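Engineer: This structure is in structure tokens; I'll ask about it shortly.
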Amino acid sequence: MEWHTIGEVSKLCNIPIRTLRYYDDIGLLKPGKISPETNYRYYSIEGIRRIPLIKYYKQLGFKLEDIKEMLERPTFGVLEDYMAKELLIVEKQMVVLQKKHFAIKEWQRLLEQGETLLTKSVNENKVTLTRFPKYRSLKFRYEIEHSQSADIEVLYSNLLVELCSRNNIFAYGPFMLCFEDFQQRKNHTFTGVDCYTAVIEDETNEALTTEVGGFDAVSLVHKGDYLTLADSYDRIQEWAEQQGIELQGASYERYIIDPWSTADSNNYITELILPIGGSAND
């Protein structure tokens with residue numbers, strides 16, 4: 001029988017000697033014989049033939065302890081069982097990767113939208129009538145504590161991210177806050193806010209998500225720091241009165257460019273969305 005030293009096997013199969021020694025220690029690939037005089041390891045052709053299989057199975061994602069069993073190959077059924085189990089794992093990973101891919105693409109699209117809006121002057125961002133589409137969203141109610149000094153946008157987004165991570169929910173697109181009374185939002189007298197972010201729909205998340213939107217509204221794109229939001233709310237209210245349009249009272253703030261995207265508050269882009277009722281003249 002032809003024997004090869006560990007160094008020869010390392011060069012022949014492009015595998016580090018330390019790896020071969022580790023495989024020996026865990027019983028994955030033991031040498032065919034060890035010289036009692038020199039303690040050198042020697043490998044047979046049959047042993048060497050296992051090395052490409054080990055590499056291949058590792059590439060497919062199998063664990064070393066599973067590969068050890070697979071190399072024994074007592075029956076085809078053993079390999080088939082391991083392949084079936086690994087397929088289930090890979091299929092679950094594919095679902096997660098598809099969700100990640102979708103979420104990243106949506107964030108990229110949101111940035112592109114924000115960059116486009118930044119090229120427009122504030123005067124171009126007029127109050128307009130719109131139909132706010134309905135979509136599935138994660139919803140979280142945040143009660144305000146008077147002792148809190150941080151921006152509400154920062155506080156709520158941190159909690160929503162934790163909620164998504166804890167429940168393996170993939171959010172995408174802009175975060176959004178809903179205030180029951182936009183006058184209280186203007187005066188900073190609100191005591192609670194509903195927080196939303198779009199999520200990739202999943203039946204297992206029904207308890208944590210809700211449908212939002214599906215109503216007519218007036219909207220305005222606000223450019224700049226949140227401290228100047230009251231000016232934009234005044235602009236919307238004045239426009240609605242001139243047009244004879246009744247504001248329902250609530251408001252949604254959709255954060256397109258926010259502290260997640262820029263450190264310059266002058267470049268914040270926030271869409272204000274105020275639901276409307278019938279005409280004030282009806």
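The values are calculated or read from the model by the stated rules, or taken from the named source; none is laboratory data. Predicted model only: the values in this text are computed from it and were never measured. Cβ: placed from backbone, ideal geometry, glycine included. Neighbour counts: every protein chain shown. Accessible surface areas use protein heavy atoms only, side chains included; no ligands, DNA or RNA. Shrake-Rupley method; radii C 1.70, N 1.55, O 1.52, S 1.80 Å.
Engineer: For the chain, evaluate the Debye formula with one uniform point scatterer on each Cα (no solvent term) and list log10 I(q)/I(0) at q = 0.07, 0.12 Å⁻¹, rounded to two decimals.
Structural biologist: -0.49, -0.81
Engineer: Related question: Using only helices, what value at 222 nm comes out for the chain when you add -39,500 (n - 2.57) per DSSP H run of length 4 or more and divide by the total residues, to the nearest 500 deg cm²/dmol? Before the final figure, lay out each step's value.
Structural biologist: Working: 8 runs with 122 residues, N = 282.
Calculated from helices alone, the mean residue ellipticity at 222 nm is -14000 deg cm²/dmol.
Engineer: Just going by the charge dipole of the chain, with Lys and Arg at +1 and Asp and Glu at -1 on Cβ, which of Val96, Leu163, Val193 is farthest out on the positive end?
Structural biologist: Sorting the options by dipole projection puts first Val96.
Engineer: Give me a comma-separated list of calculated 3J(HN,Hα) values for segment 8-16, in order, Karplus coefficients 6.51, -1.76, 1.60 applied at θ = phi - 60°, integers in Hz, x for any Gly or Pro.
Structural biologist: Along segment 8-16, the couplings run 5, 5, 4, 6, 5, 9, 6, 9, x Hz.
Engineer: Considering only protein heavy atoms and a 1.4 Å probe, what is the carbon-and-sulfur percentage of the accessible area of the chain? Before the final figure, lay out each step's value.
Structural biologist: On the way: 8430 of 16840 Å².
In the chain, the share of accessible area belonging to carbon and sulfur is 50 percent.
Engineer: Let me ask another. So what is the relative contact order of the chain, in percent, for Cα pairs below 8 Å that sit 6 or more residues apart?
Structural biologist: 17
Engineer: Continuing with the same structure: Placing +1 at every Lys and Arg Cβ and -1 at every Asp and Glu Cβ, with all other atoms neutral, what dipole size does segment 20-101 have around its Cα centre, in debye to the nearest 20? List each step's numbers first, then the result.
Structural biologist: Numbers: 15 positive and 12 negative charges, 70 e Å.
In debye, rounded to 20, segment 20-101 gives about 340.
Engineer: Measure off 7 Å from each Cα along the Cα-to-Cβ vector at Trp239 and Glu37, then give the distance between these two points in nanometres to one decimal.
Structural biologist: So the two model labels end up 9.4 nm from each other.
Engineer: Please give every one of the lysines within straight-line cross-link reach of Lys30, meaning a C-alpha to C-alpha distance under 19 Å, and leave out same-chain neighbours fewer than 8 residues apart.
Structural biologist: Filter leaves Lys11, Lys55, Lys58, Lys63, Lys68.
Engineer: To continue, here is another question. In degrees from 0 to 90, rounded to the nearest 10, what is the angle of the helix 76-118 Cα long axis to the longest principal axis of the chain?
Structural biologist: Helix 76-118 sits at roughly 30 degrees to that axis.
Engineer: Need one number: convex hull volume per residue for segment 37-142, Cα atoms only, in Å³.
Structural biologist: About 291 Å³ per residue, rounded to a whole number.
Engineer: Running Debye on segment 181-269 with equal point scatterers at the Cα sites and no solvent, what base-10 log of I(q)/I(0) appears at q = 0.18, 0.21, 0.26 Å⁻¹?
Structural biologist: Debye output, listed in q order: -1.00, -1.20, -1.38.
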